[in-house]
Each structure stands twice: as structure tokens, then as C-alpha cells.
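Student: Take a look at this one; I'll ask things after.
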Amino acid sequence: RLMKTLNANGASAKMMVAEKLSDDKNVIQVGDTFQRNWSFYSERVNIFLRNRFTRNNLFDISTAKSGISITNRPEFKEADVIHLHWINQGMLSLDEIGRILSSGKKVVWTMHDMWAFTGICHHAGTCQNYTSSCGMCPFLSLPSTSDISYTTFLKKQKIYSKGHISFVACSKWLKELASASPLAKGHSLVSVPNPIDTKEFHPMNKYSIRKDLNLPNNKKIVLFAAAKVSDRRKGIDYLIEAANVLSKRGKGNILFVVAGSDGAEISTQLSYSSYNMGYVDSNKMVELYNAADLFVTPSLQDNLPNTIMESMACGTPCVGFNIGGIPEMIQHKSTGYVAKYKDAEDLANGISWVLEEADAETLSSNSREFVINNYSQDKVVKRYMDLYK
């Protein structure tokens with residue numbers, strides 16, 4: 001989204017990826033299949049061995065010990081600005097980031113999680129060790145003061161000192177966390193949200209969409225979507241509990257729609273009728289947002305979820321926990337409901353409030369207006385263009 005809007009606003013932007021899935025000429029795949037697989041699997045095996053041959057936290061941490069080289073590419077040499085995004089699991093190594101900084105190129109790094117300013121973790125949870133120098137990592141089976149989180153933290157410090165980084169946090173919450181890390185010291189730190197195409201994600205006729213999707217018009221539809229529905233960090237346990245609370249209160253006429261992989265098993269655990277949509281592409285998601293009366297996101301850790309942004313752009317209010325960047329997006333009782341963290345009963349209160357008490361038309365227009373004013377592509381790209389300059 002950002003690349004396309006940059007190119008539409010006078011910049012010449014190209015995007016390097018480990019695996020190209022589109023036919024966009026501005027998207028460039030770097031590295032071959034062997035390099036990508038070697039970088040990915042060698043790092044995971046190392047983490048597997050360090051965690052005493054268990055899969056515990058296998059994808060919660062990254063070391064960036066290996067990756068693909070981009071500094072020898074003509075696109076890199078021609079660029080004025082190198083804009084890093086999510087570079088883990090075999091894309092870029094720390095050594096390659098060091099070469100990028102040593103090149104003298106201007107570097108912007110948009111942080112989509114905490115990894116850039118912690119030792120090895122993507123979300124630190126309640127751990128505050130990254131505010132000093134890591135060590136005693138709760139994601140490791142044998143944590144110590146000099147464990148891999150500590151040594152990787154020191155390596156990042158050394159590498160980051162090779163140049164200047166303009167760190168961008170997608171939320172104010174993430175910016176505040178980053179400012180507490182020594183790894184951000186001496187570098188710039190700003191907050192710029194992700195952009196959204198409000199022409200693609202837009203309100204549609206709810207009743208005709210439901211008819212097309214074979215969804216009933218006489219039900220209040222609650223939508224839950226995640227890339228992997230069964231991922232416990234997405235809070236599915238709290239949604240199941242909230243549904244039980246609503247059922248015990250005698251709240252009927254509710255239908256849950258679940259979108260994402262592993263949704264079939266979850267659907268059977270909800271106290272209400274449910275539709276499992278499986279994996280859904282962006283075009284179908286626009287329809288699902290419009291078909292729903294409410295989008296619920298019980299996520300336990302999140303930066304600035306695109307799903308909330310997309311739902312609100314379609315005029316569909318949201319309910320989520322008071323965590324991460326979520327309370328920056330959902331304006332409590334204006335565009336939805338912000339529930340107390342890990343409180344399934346308050347999550348149920350939020351669902352009930354949106355479906356039964358709030359004025360649906362006002363919530364819808366407020367949601368759409370908030371996204372246009374804060375997350376529309378033109379506004380976000382202008383902030384990035386100013387940062388590049």
C-alpha cells in the first residue's frame with residue numbers, strides 16, 4: 001500500500017521481498033529458494049537447539065544470524081533512501097543491516113513489532129529487560145545474564161552505531177516502548193501509522209452483501225478474523241469466554257463469522273451459531289466487514305492492527321482490549337468499545353453495547369471518518385515524504 005501510494009505521489013519506490021507473490025514490476029524478489037530456506041531453517045534450528053529441543057517460543061524470537069544480501073543489488077545502489085520494514089525469518093541478517101548503515105544511505109526503519117529495539121523477541125510482554133541490555137530472557141529455556149538475548153542486544157548496539165536510523169513506530173504505544181530502549185538512543189524516533197486505501201475498503205450495502213454471502217439478514221453478525229485463528233495471542237480463548245457470558249445473559253440473535261486458517265475447530269467452541277469462512281483474500285474481507293454489525297479483536301498483543309483499520313474504513317465498529325495501539329484506533333463509545341485487558345466479561349459488555357445500545361449509524365459514520373482523517377494513504381504518505389526529505 002505504501003509503495004503504490006509513494007509512486008502515485010512523485011516518488012520512485014521499489015520493494016524487495018524474500019518471496020514475490022504478485023506480478024507488480026516494482027516488487028523485486030531477492031535471493032533464490034536455497035538461500036531463503038537456508039536462512040530461515042538455520043535460524044529456527046539454532047533456536048530449537050537453544051531451547052532444549054522444544055518448539056517453545058520458536059517463532060517468538062529471532063536472531064537474524066543469516067539472511068539475503070541486498071547491498072550488491074543495482075536497486076540498492078541507485079536508492080536515496082533505504083526503508084526497512086519487517087526483515088526477520090531469513091530476509092536480512094544483522095550483518096547485512098550493518099552493511100546498509102555503513103553504505104552511507106539514509107535509512108528509515110518502520111517497526112511493525114518490538115524486535116528492532118529488543119535483543120531477540122518480537123513482543124516483550126511484561127518483560128522490561130530490553131530497557132537495559134536484555135539477558136535473562138523469558139523466551140529461553142535456560143536464561144542467563146549473558147544469554148543470546150544479551151549478546152544479540154550488544155551486537156545490535158554495535159551495528160546500529162555504524163550509521164543513523166530514522167525509526168518509525170506504527171503506533172504511539174510502540175514509540176513509547178522504543179524510547180525506553182538503549183538501542184534507539186542516538187537515532188530518530190517518530191510515530192507514523194500504516195496507510196489504508198479508503199477507496200478499496202469502503203461502506204457497501206449490508207443487506208445485499210449478506211445475500212451474496214448467504215448470510216442471514218435477521219441476525220446480528222459479529223466478525224472475528226486473524227491470519228491464524230488458533231494463535232492464542234489473538235485472544236480466541238477470551239472471545240469464547242465472552243460468547244459464553246453473552247449466552248448466559250440470554251443474549252440471542254447473534255451469529256459469529258470466523259475468517260482465517262484453523263477456524264473450523266474454533267467455530268464449534270462458540271456458544272452461538274457460527275460460519276467458518278476459512279482463508280479470505282482482501283476483496284472478500286471488504287465484503288465480510290460490510291456484512292458484519294461488529295468486528296471483534298480480542299488480541300492480547302498488537303501494534304496497530306490492519307484489521308481494525310479496514311473494518312472501520314468499511315463503517316463497521318470494533319471492540320478490542322485496552323492493549324498496544326488498539327485504544328489509539330478504537331475511540332471508546334465513539335467508534336466502538338475498548339474493553340479492560342483480558343476481561344472476557346467486559347469484552348462481552350462491549351459486544352452487547354455495540355449491538356444493542358449504541359446508535360449503529362453514528363458508530364458507522366464515526367468509524368469511517370476517523371480512518372479517513374488519520375490513516376488514509378494520502379495523509380500517511382505525506383508524512384513519509386516529509387521524513388524522507
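Student: Restrict the check to the stretch 195-203 and report whether at least one residue is within 29 Å of residue 322 (Cβ to Cβ), part of a strand (DSSP E or B) and touching a residue at least 40 places away in the same chain (Cβ under 8 Å).
Tutor: For the stretch 195-203, residues within 29 Å of residue 322 (Cβ to Cβ), part of a strand (DSSP E or B) and touching a residue at least 40 places away in the same chain (Cβ under 8 Å): present.
Student: Next question. Considering every residue within the stretch 113-135, establish whether at least one is assigned to a loop (DSSP other than H, G, I, E, B), in contact with a helix residue (DSSP H, G or I) (Cβ under 8 Å, 6 or more places away or on another chain), aromatic (Phe, Trp, Tyr) and within 28 Å of residue 306 (Cα to Cα).
Tutor: No: zero hits.
Student: Right, another one. Within the stretch 147-179, track down each residue that is closer than 17 Å to residue 301 by Cβ and aliphatic (A, V, I, L, M).
Tutor: 169, 174, 177, 178
Student: Taking the stretch 26-58, which residues are under 23 Å from residue 159 (Cα atoms), part of a loop (DSSP other than H, G, I, E, B) and not small (Gly, Ala, Ser)?
Tutor: Within the stretch 26-58, 30 is the sole residue that qualifies.
Student: Just to check your reading of the model, which residue among 80, 113 is in contact (Cβ under 8 Å) with a residue 24 or more places away in the chain and either on the phi > 0 side of the Ramachandran plot or buried (at least 16 other Cβ atoms within 10 Å of the Cβ) (or both)?
Tutor: Result: 113 is the single residue among 80, 113 that is in contact (Cβ under 8 Å) with a residue 24 or more places away in the chain and either on the phi > 0 side of the Ramachandran plot or buried (at least 16 other Cβ atoms within 10 Å of the Cβ) (or both).
Student: What are the residue pairs meeting all of these: first residue in the stretch 350-363, first residue among the hydrophobic types (A, V, I, L, M, F, W, C), second residue open to solvent by 70 Å² or more (accessible area, probe 1.4 Å), Cβ atoms under 6 Å, and 6 or more apart or on different chains?
Tutor: As it stands, the answer is 355/220, since those pairs meet every condition given.
Student: Hey, among 139, 153, which residue is assigned to a helix (DSSP H, G or I), under 26 Å from the mean Cα position of the chain (by Cα) and among the hydrophobic types (A, V, I, L, M, F, W, C)?
Tutor: Criteria check complete, one pass: 153.
Student: Do you know which residues across the stretch 327-364 are among the aliphatic types (A, V, I, L, M), in contact with a Pro (Cβ under 7 Å, 6 or more places away or on another chain) and under 27 Å from residue 192 (Cα atoms)?
Tutor: 338, 363
Student: Restricted to the stretch 1-16, and to residues that are of a type in the set (Lys, Arg) and either part of a loop (DSSP other than H, G, I, E, B) or crowded, with 18+ Cβ neighbours inside 10 Å (or both), which residue is modelled with the lowest pLDDT?
Tutor: 1
Student: Evaluate the following for residue 172: is it modelled with pLDDT of 95 or more, surrounded by 13 or more Cβ atoms within 10 Å (Cβ to Cβ), over 20 Å from residue 292 (Cα atoms) and in contact with a Ser or Thr (Cβ under 9 Å, 6 or more places away or on another chain)?
Tutor: In short, no.
Student: Have a look at 19, 43 and point out the one that is of a type in the set (Asp, Glu) and either open to solvent by 20 Å² or more (accessible area, probe 1.4 Å) or touching a Cys at 6+ places or on another chain (Cβ under 9 Å) (or both).
Tutor: Matching residue, one of 19, 43: 19.
Student: Taking residue 360 as the residue in question, decide whether it is surrounded by 21 or more Cβ atoms within 10 Å (Cβ to Cβ) and not polar (S, T, N, Q).
Tutor: When the stated conditions are applied, residue 360 does not pass them.
Student: Determine which single condition residue 207 fails, assuming it passes every other condition in (1) in contact with a helix residue (DSSP H, G or I) (Cβ under 8 Å, 6 or more places away or on another chain); (2) exposed (fewer than 15 other Cβ atoms within 10 Å of the Cβ).
Tutor: Answer for residue 207: the failing condition is (1).
Student: Same structure, new question: Are any of the residues in the stretch 235-256 open to solvent by 10 Å² or more (accessible area, probe 1.4 Å) and on the phi > 0 side of the Ramachandran plot?
Tutor: yes
The values are calculated or read from the model by the stated rules, or taken from the named source; none is laboratory data. No experiment lies behind these values; they were computed from the predicted model shown. Reconstructed Cβ throughout: ideal geometry from the backbone, glycine too, with neighbour counts over all protein chains shown. The protein model used for the area step is the full one, side chains on, heavy atoms only, and it has no ligands, DNA or RNA in it. Shrake-Rupley method; radii C 1.70, N 1.55, O 1.52, S 1.80 Å.
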